[in-house]
Amino acid sequence: MKKLIIISLFIFSSLCLNAYYWNQTRISFYKSHDTEVYGGENNFMSELIIDKLNFRFQMNSLVSEEGFDDPNSYVTNEIRSLSTYQLAENSKFILGYNLDYYDYDKTQSSFIYDWINQPVQPLVKNYLYLISKNEWDNFTLLAGLRGRATGIDYKFDISDAINTAQAEHYDEFYKDLALAYKLTNNVAIYATFENKTFYSSNADFNDPGRDYDYTHYGGGVNFTSKNFLGGKFSEDFQYLRKDSKQYADYQRHNFINKLRYNYIMTPALSSFVSYISKFSYDDKEKEFYRLANMVRVQARYNLLNYNYQAFLIAGTSLSLENLNRIYFAYVNYPINKSFAISLEDRYSHNVYNTIIASLDYRLNSNFMFYIENSNSQSFSNINIYDFKNTLTIGTRMLFR
Amino acid sequence: MKNIMVLLLLFLLLFSLFACKKPTDKEYNVDKSSCNSCGECISVCPKDAIEYNLEGKAVIDQSKCVSCGECIAACPQGAIY
Ligand code: SF4
Ligand code: SF4
């Protein structure tokens, strides 16, 4: 009821402003071995634009019957808000706040503290961040402060037995800084710094040997070209030094290489290939380690030359180190001015196959209604379900 | 310039594929250009090891991740590798 009032007030108060609303409700049916469980989810998102201020508000509620080990909570409420203020043409401030609230009785024991054999459950998660982005001459400076406080409680009250004080929350503070300098139209260099400090309300867990603090810093070079062997090319090479008591020696000196190449073959057919490789150096063992190699290839074909909304996208993503192979195909086709259909198949080798079909109905340029069905079959025990079907009904509205 | 670039990339590719040792533990990362910030990975991670970064994209905190792979199976974009 409270939620309905907030949403109604929001819609009502902003009818005369530039606003965008999106709402969807999903009903899910999960099946795992002999267990059958129903779940539901509602998502509401709105965006208001008032002069230089852009305000986004999102509310998600998830409720499902009990019976699975997953998700972490059977009842979750999430609130996301994001305000962006354009101070000047090249300068903006972003203030964000996320709140996740879990129903105490319906939440799984999880989270990082169970390494000391005291499973805990999260109750509430607050995430507040402030970001400033400034550009002048050839410089771009991004600075951010982020804070996250997680309220927890113990699933099993075994603390009396081992006579130790319980923690009520753990907090993480992040400080971020990124500075980039454009050397030429094609080449930029940059430096990044990120630091996280971890604090727990239980003094035992602030033991320096167990802390989750980290500091990452490094720099890189970025090259882009609009005409490289006939296509658009970008390459980024970065060195990142990572320090934390939780990292193994080989995780400290990281080299990350990212490239992307877009190529337009014909007016109707375009494609891109991206490749990310990550390797590291262990200065104690004097050895290089390969951490990740990921290739993604994707092509888009326009089915009608007079309507860019009729298209087919197909591609694959291969992660060599984690043996992850995903193949996907998506087709969108407007039947007439009001109706459009889309069909998607996403197959992850040995993990899942998901088929999504959807029908969109556009009443006018400001109102859209859609219905979508997603059907997922699991092949692995990473997914706790064997079968999952989700029916979604949603609307999108735009007020100007 | 282009030729040097191509050769350098080829060297990096071969180096990262063949000259490096594979660690015993897997390391999972997020491809930011494919992530649409849906948060599915955050809600299934049993170690609270994923959060949004400055750009609003999911990032795996390697100090808490135990490489269980649940986020890979949950990501609808195939953005975790
Ligand atoms: S691999 Fe497991 S612990 Fe690590 S981020 Fe993914 S879900 Fe979390
Ligand atoms: S599930 Fe995938 S797309 Fe969604 S936030 Fe996580 S990494 Fe990004």
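Some points to look at:
- Entries of A:K92/A:K232; A:K245/A:K284; B:K32/B:K57 with Cα pairs more than 18 Å apart: A:K92/A:K232
- Residues A:A149 and A:K232, FRET efficiency given R0 of 45 Å [Cβ-Cβ distance, rounded to 0.05]: 0.60
- At an R0 of 30 angstrom, the distance between the Cβ atoms of A:E36 and A:M397 translates into a FRET efficiency of 0.30.
- The A and B chains share an interface that buries close to 5100 Å² of accessible area, total over both sides, probe 1.4 Å.
- In this label model, B:T24 and A:N307 are separated by 5.9 nm, measuring between points 7 Å along each Cα→Cβ vector.
- Degrees, to the nearest 10: B:2-14 long Cα axis against longest axis of chain B: 60
- Distance (nanometres) between label positions extended 7 Å along Cα→Cβ at A:S338 and A:I79: 3.9
- Inter-label distance, A:V63 to A:Y199: 3.7 nm, where each label sits 7 Å from its Cα along the C-beta direction.
- Spread of Cα-to-Cα distances over 5 Å intervals beginning at zero, given as percent, for the stretch B:23-81: 4, 22, 35, 25, 11, 2, 0
- Gained length - A:N126 relative to A:V187, 0.36 nm times residue gap less alpha-carbon distance: 18.1 nm
- The slack in the chain from A:I371 to A:Y327, taken as 0.36 nm per residue of separation less the alpha-carbon distance, amounts to 13.4 nm.
- Calculated FRET efficiency, A:D51 to A:D171, Cβ-Cβ distance, R0 = 45 Å: about 0.80 to the nearest 0.05.
The values are calculated or read from the model by the stated rules, or taken from the named source; none is laboratory data. The structure displayed is predicted, hence computed values, not measured ones. With ideal geometry, Cβ positions are generated from the backbone for all residues, glycine too; neighbour counts draw on all protein chains shown. Note: areas computed on protein heavy atoms with side chains; ligands, DNA, RNA excluded. Shrake-Rupley method; radii C 1.70, N 1.55, O 1.52, S 1.80 Å.
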